[in-house]
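Enquirer: This structure is in structure tokens; I'll ask about it shortly.
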Amino acid sequence: MSGGFDERCAADLANVGEGRELSRADRAWLARVVTGAVRPNRDKPLWDLAHALAALARLTGAGAGRDLVTLALDPRLATPEALAARFAGASAGAAAADARGLTLAAPRPWRTTWAGLARLLALAEFVLTAEDLAQFPLVTGWFDDLAKEPDAAERLAKRLARHLAAYRSDHLPLLAAERRFRGILGFLRGRSAFTDDDILAFWRAEMAAGERPGFRTVAEHFVTFEAAAAVREGLDGLSAAASLDAVEGWEERLTASLSDLAQGEPAASLADLLADLPDVPKVLTGSERTDLVELLRLEPFHRTRPLTALRAASFGRVQSGLANRLRRGGGGADLATRASCAEAEEYRALAARAADLAHHLGRMLRIAAALRLAAIGLADDLDAEAQAALREAEADLRRIRRAGFDDRARLASGFAAMDAALVRLAEETGRFVRAAEALDRRQALDAAFAADRAVFAQAFAAAYAGEAA
């Protein structure tokens, strides 16, 4: 993969560029259109293409889509000069051509230069020939419809926009990540370093703009952004939001960095480990598992940015409730109450629950160790301190009343299968507890929660006030 798009897309672009002998500038324009990197409206070139084809259909009297296909694929019409020589002075109904370019009066006024028309025909060739002509019959059928009804240019523009959007989804795997990175970089004014409050401010700005993203979703984007920035290996474009396009080969370098990132991550995320834990033995109840997912889902922020993890767990849950309520058609006083964050869980309570979970996971690890030592016959060889821990584990085992804990042989086998996952979950939960304690010493959790509740309530009220009425 290169340039954020896959080899198929690269080959499709190269085929058009080489076949039409496009200049470097025209190749760059085509690549930007295909990848959606046109501002402010990425679909404007498709709207122009549809109107160009409508004008050409009138000028040539095209009675079928194949006539428009012939124009788009004719290599003799690949330059502005050739197009001017072929069409200048032609006129038919609402379409006309002069020395400067092509015009169309209906269904609305539209104009392009001969150089612009040459680019648009290159785009037409791309949508016709992409993916080894796989979509050729479909697109030709749309051209047929336009040839029969030249005033239907806007309908063709919408069809082409949906078609190219699907193509991007299939062949531009980094498109979403690159778009998010640009948004975050623009907000941070090119900084790659950020704080918990930067994450909150970015989310508030998105909410104020009417996007209404989930706070947890925004925080997850910052997790990816931080990790990618850490492995960018000198990608200067990440230090200035507006300069990415000016850095030669930035797409390939970002792709390589993200590949390094993917290879360097643990085999499974904490959320994956929790999802894969067996139901028997029931080491975690459903509510315990849910709590751990809420607290650890922003790995590694649970240990490096505990305030963001607490915000996501508390107010992210509130926002999810609001969104679910709206999807079910709810509103009124109930929605207004939810938006006020009256049900948000205090940070100190979340930290206390995390401490309880860390203690529980530690107890499970002691039981697992006791079972393993007993199975290999080393329990009698331990020192006094270890013997005491073993007796404590045995006592815990007798007290626990959960599915799968009544058969020691099956329990030992079950623990052996999840040992590594339990160790990591226990370690990371303990790290979150210690990070929350350090945060409490620097910034009292109660005060932080009170301040954040006012901020989130204001954002929720502004965003959801219409539905609450």
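Enquirer: Can you pull out the residues in the range 30-59 that are closer than 22 Å to A97 by Cβ and in contact with a Lys or Arg (Cβ under 6 Å, 6 or more places away or on another chain)?
Expert: none
Enquirer: Filter the range 446-456 down to the residues that are within 31 Å of the chain's Cα centre (by Cα) and either touching a residue at least 12 places away in the same chain (Cβ under 8 Å) or open to solvent by 60 Å² or more (accessible area, probe 1.4 Å) (or both) and list them by number.
Expert: A448, F449, D452, R453, A454, V455, F456 - these are the residues of the range 446-456 that are within 31 Å of the chain's Cα centre (by Cα) and either touching a residue at least 12 places away in the same chain (Cβ under 8 Å) or open to solvent by 60 Å² or more (accessible area, probe 1.4 Å) (or both).
Enquirer: Let me ask something additional. For a quick check of your reading of the model, give me the residue pairs whose first member lies in the range 405-422 and is touching a residue at least 24 places away in the same chain (Cβ under 8 Å), whose second is of a type outside the set (D, E, K, R) and open to solvent by 60 Å² or more (accessible area, probe 1.4 Å), with beta-carbon atoms closer than 7 Å and at least 6 apart or on different chains.
Expert: Pairs that qualify, where the first residue is touching a residue at least 24 places away in the same chain (Cβ under 8 Å) and the partner is of a type outside the set (D, E, K, R) and open to solvent by 60 Å² or more (accessible area, probe 1.4 Å), are A412/A375; G414/V280.
Enquirer: Related question: Checking the conditions here, which among L30, L56 is surrounded by 16 or more Cβ atoms within 10 Å (Cβ to Cβ) and over 18 Å from L172 (Cα atoms)?
Expert: L56
Enquirer: P75 - would you say it is more than 21 Å from E21 (Cβ to Cβ) and modelled with pLDDT under 90?
Expert: No, not satisfied.
Enquirer: Is it the case that some residue within the range 243-263 is open to solvent by less than 30 Å² (accessible area, probe 1.4 Å), at pLDDT below 85 and out of contact with any helix residue (DSSP H, G or I) (no Cβ under 9 Å at 6 or more places or on another chain)?
Expert: Checked the range 243-263: at least one residue is open to solvent by less than 30 Å² (accessible area, probe 1.4 Å), at pLDDT below 85 and out of contact with any helix residue (DSSP H, G or I) (no Cβ under 9 Å at 6 or more places or on another chain).
Enquirer: Can you work out which of the residues in the range 33-53 that are over 19 Å from L133 (Cβ atoms) and aliphatic (A, V, I, L, M) is most open to solvent (accessible area, probe 1.4 Å)?
Expert: Per the stated criteria, the residue is A37.
Enquirer: Confirm whether L121 is within 12 Å of A55 (Cα to Cα) and either modelled with pLDDT of 90 or more or not charged (D, E, K, R) (or both).
Expert: So L121 fails the test.
Enquirer: Restricting the range 20-60 to residues that are in a helix (DSSP H, G or I) and among the polar types (S, T, N, Q), which is nearest to A147 (Cα to Cα)?
Expert: T60
Enquirer: From A228, A147, A177, A193, which residue is in contact with an Asp or Glu (Cβ under 8 Å, 6 or more places away or on another chain) and either open to solvent by 50 Å² or more (accessible area, probe 1.4 Å) or at pLDDT below 90 (or both)?
Expert: Answer to the selection: A147.
Enquirer: Report the residue count in the range 269-315 for those that are at pLDDT below 95, open to solvent by 10 Å² or more (accessible area, probe 1.4 Å), more than 21 Å from the chain's Cα centre (by Cα) and β-branched (V, I, T).
Expert: 3
Enquirer: A further question follows. When you go through R363, R372 one by one, which is the residue that is assigned to a helix (DSSP H, G or I), open to solvent by 30 Å² or more (accessible area, probe 1.4 Å), at pLDDT 70 or above and more than 30 Å from P306 (Cα to Cα)?
Expert: Matching residue, one of R363, R372: R372.
Enquirer: If a residue has to be open to solvent by less than 50 Å² (accessible area, probe 1.4 Å), touching a Lys or Arg at 6+ places or on another chain (Cβ under 9 Å) and assigned to a loop (DSSP other than H, G, I, E, B) to count, how many in the range 91-137 make the cut?
Expert: The number of residues fulfilling the criteria is 1.
Enquirer: Taking interchain pairs and intrachain pairs at least six residues apart, which have beta carbon atoms under 7 angstrom, with the first residue in the range 41-60 and hydroxyl-bearing (S, T, Y) and the second modelled with pLDDT under 90 and surrounded by fewer than 21 Cβ atoms within 10 Å (Cβ to Cβ)?
Expert: T60/D67
Enquirer: Return the residue satisfying two criteria in turn: it lies in the range 180-190 and is within 15 Å of the chain's Cα centre (by Cα) and open to solvent by 30 Å² or more (accessible area, probe 1.4 Å), and of such residues it is modelled with the highest pLDDT.
Expert: Ranking the qualifying residues of the range 180-190, first place goes to G183.
Enquirer: Based on what the data block shows, is T70 open to solvent by 10 Å² or more (accessible area, probe 1.4 Å), modelled with pLDDT of 90 or more and among the β-branched types (V, I, T)?
Expert: Criteria not met by T70.
The values are calculated or read from the model by the stated rules, or taken from the named source; none is laboratory data. Because the structure is a prediction, the values reported are computed rather than measured. Because the Cβ atoms are built from the backbone with ideal geometry, glycine has one as well, and the counts that use them run over all protein chains shown. Note: accessible area is taken over every heavy atom of the protein model, side chains too, but ligands, DNA and RNA are not part of it. Shrake-Rupley method; radii C 1.70, N 1.55, O 1.52, S 1.80 Å.
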